[in-house]
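Asks: My questions will all concern the structure given below.
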Amino acid sequence: MSDEEAQEKAVEEVQEKMKVLEEGIKEFSAEDIRTSDGKKLGFMDVLVSTTFSTYKAYEGVLGVKVLEPEKNPLIYTRVTNLHVLPVVQELLPPHDKLVAILQGIRQDALKSSD
């Protein structure tokens, strides 16, 4: 299997898992889909924020879409709403530093797979 095929397979697996999360959000918090106000950060908000708030850095390094509003509208909406909150912004690593770290990790992984 080529590196490109392996990456495509990994992306498909992640998308399948995100569908499950999307369905869970629909099932367990349908009435809670809102613009987070920062005063009531719930478990789902913390989970989604810590998992997906850095998705742009991953997309930039990997060259693949991680989070797409058309495929994952509920996750995307939550991430977008949470990302503007000062408390979330304070906890996120600086984008440039995260990209540099991820690029280093990716380069090491590619070297070890040769």
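The values are calculated or read from the model by the stated rules, or taken from the named source; none is laboratory data. Computed from a predicted structure; not experimentally measured. Please note: Cβ atoms are built from the backbone with ideal geometry, for glycine as well, and neighbour counts cover all protein chains shown.
Asks: I'm trying to understand the selection: among the residues of the range 53-88, which are among the basic types (Lys, Arg) and within 22 Å of Glu23 (Cβ to Cβ)?
Replies: Of everything in the range 53-88, those that are among the basic types (Lys, Arg) and within 22 Å of Glu23 (Cβ to Cβ) turn out to be Lys65, Lys71, Arg78.
Asks: Then there's this: Filter the range 65-91 for residues that are at pLDDT below 90, in a loop (DSSP other than H, G, I, E, B) and more than 19 Å from Ala10 (Cα to Cα) and give the result.
Replies: Within the range 65-91, Val84, Leu85 qualify.
Asks: Out of Gly24, Gly104, which single residue is at pLDDT 90 or above, in a helix (DSSP H, G or I) and small (Gly, Ala, Ser)?
Replies: The conditions single out Gly104.
Asks: Among the candidates Gln89, Gln103, single out the residue that is surrounded by fewer than 16 Cβ atoms within 10 Å (Cβ to Cβ), free of Cβ contacts under 8 Å to residues at least 24 places away in the same chain and of a type outside the set (Val, Ile, Thr).
Replies: It is Gln89.
Asks: Here's something else I'd like to know. Determine the pairs where a residue that is closer than 11 Å to Asn72 by Cβ, located within the range 8-23, has a partner that is surrounded by 12 or more Cβ atoms within 10 Å (Cβ to Cβ) with Cβ atoms under 7 Å apart, the partner being 6 or more residues away or on another chain.
Replies: Listed by first residue and then by second, the contacts come to Gln15/Lys71; Met18/Asn72; Met18/Ile75; Leu21/Ile75; Glu22/Asn72; Glu22/Leu74; Glu22/Ile75.
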